[in-house]
Amino acid sequence: MEPPMEPSGGEQEPGAVRLLDLPWEDVLLPHVLSRVPLRQLLRLQRVSRAFRALVQLHLAGLRRFDAAQVGPQIPRAALAWLLRDAEGLQDLALAPCHEWLSDDDLVPVLARNPQLRSVALAGCGQLSRRTLGALAEGCPRLQRLSLAHCDWVDGLALRGLADRCPALEELDLTACRQIKDEAIVYLAQRRGAGLRILSLAVNANVGDAAVQELARNCPELEHLDLTGCLRVGSDGVRTLAEYCPALRSLRVRHCHHVAEPSLSRLRKRGVDIDVEPPLHQALVLLQDMAGFAPFVNLQV
């Protein structure tokens, strides 16, 4: 006996309900497509015109877009298609596009999404001040911005952000080596009252003048990363201890001019510091030595 034939693509069993027959806006978009990874949506939209329309409707309503969900690398054409109808984005992360992302790719997206609150552009070295200008001008609710390893960010670009982003709370300027004390001082004076998280790591141009101005103008500062800021010393850290009661973590590894006495006041308050106190370092070294040499002849 031959097995029954499956219905063909154009046939439907009596009483059967196809996926696309379900209400799109009430069922499929909020309860189905919202749980499908972006990488799978790219495949789904190739199934049929109806699925393509469904996926496009879903993408138009996105609130959060992280290119990492598509994969470690995303083609320019794919990004353009995914974001072409999005007009309500609040979070945008584009680090996987760092090798090719340009102002021409990004500025139109920023212009269509004035509600953006978080933007991550770490490593996007092909951008310029034009992007930051569009961000500052068109996204007044911006709260979090990552520009880590963006060598093109300079003092002028940072001043534009400080002037036009009143809601800014978190800023990552790791390895933005064109940034100098003067730009950080301006940022502190203009937006210090709201800053909670700031990274100035890996920048030998940042020194005590910038740190002291941050301390005096950022009473809500909770996390500060100064890793590798070789010009930062004990004076800056002492000012942080005096003026930043909300500080919870401080990163000063490889800041060779920061001495333990300037850190001790912060340690007593329970601030998380990535450099161990000298006594602890000595004990660790002694344990390591004992581990390799359990018997030490102390006879002279």
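Structural remarks
- The slack in the chain from Leu230 to Leu156, taken as 0.36 nm per residue of separation less the alpha-carbon distance, amounts to 24.4 nm.
- Rolling a 1.4 Å probe over the protein heavy atoms gives the chain an accessible area of 55 Å² per residue.
- If you take all other residues with their beta carbon under 9 Å from the beta carbon of Ala136, and give Lys and Arg +1 and Asp and Glu -1, the sum is -1.
- Protection proxy ranking, peptides 174-184, 241-251, average beta carbon neighbours within 10 Å, highest first: 174-184, 241-251
- Candidate values (1) 1.16; (2) 1.06; (3) 0.96, label of the one derived for Rg/Rh (Cα atoms, Kirkwood Rh): (1)
- Ordering 96-107, 123-134, 256-267 by mean Cβ neighbour count within 10 Å, with the highest value first, yields 123-134, 96-107, 256-267.
- Between segment 74-88 and segment 139-177, the Cα center-to-center distance that results, in Å: 24 Å
- Positive-end residue, the chain charge dipole about Cα centroid, Cβ charges, pick of Val27, Ile197, Leu101: Ile197
- Only Lys, Arg (+1) and Asp, Glu (-1) charged, at Cβ; segment 21-61 dipole about Cα centre in debye: 340 debye
- Protein heavy-atom surface of the chain, 1.4 angstrom probe: 53% of the accessible area is carbon and sulfur, with nucleic acids and ligands not counted.
- Segment 21-61 shape via C-alpha gyration tensor axes, a/c threshold 1.5: oblate
The values are calculated or read from the model by the stated rules, or taken from the named source; none is laboratory data. Predicted model, so just to flag it, every value in this text is computed and none were measured. Every residue, glycine among them, receives a Cβ derived from its backbone with ideal geometry; neighbour counts consider all protein chains shown. Accessible surface is based on the protein model in full, side chains and every heavy atom, while ligands, DNA and RNA are left aside. Shrake-Rupley method; radii C 1.70, N 1.55, O 1.52, S 1.80 Å.
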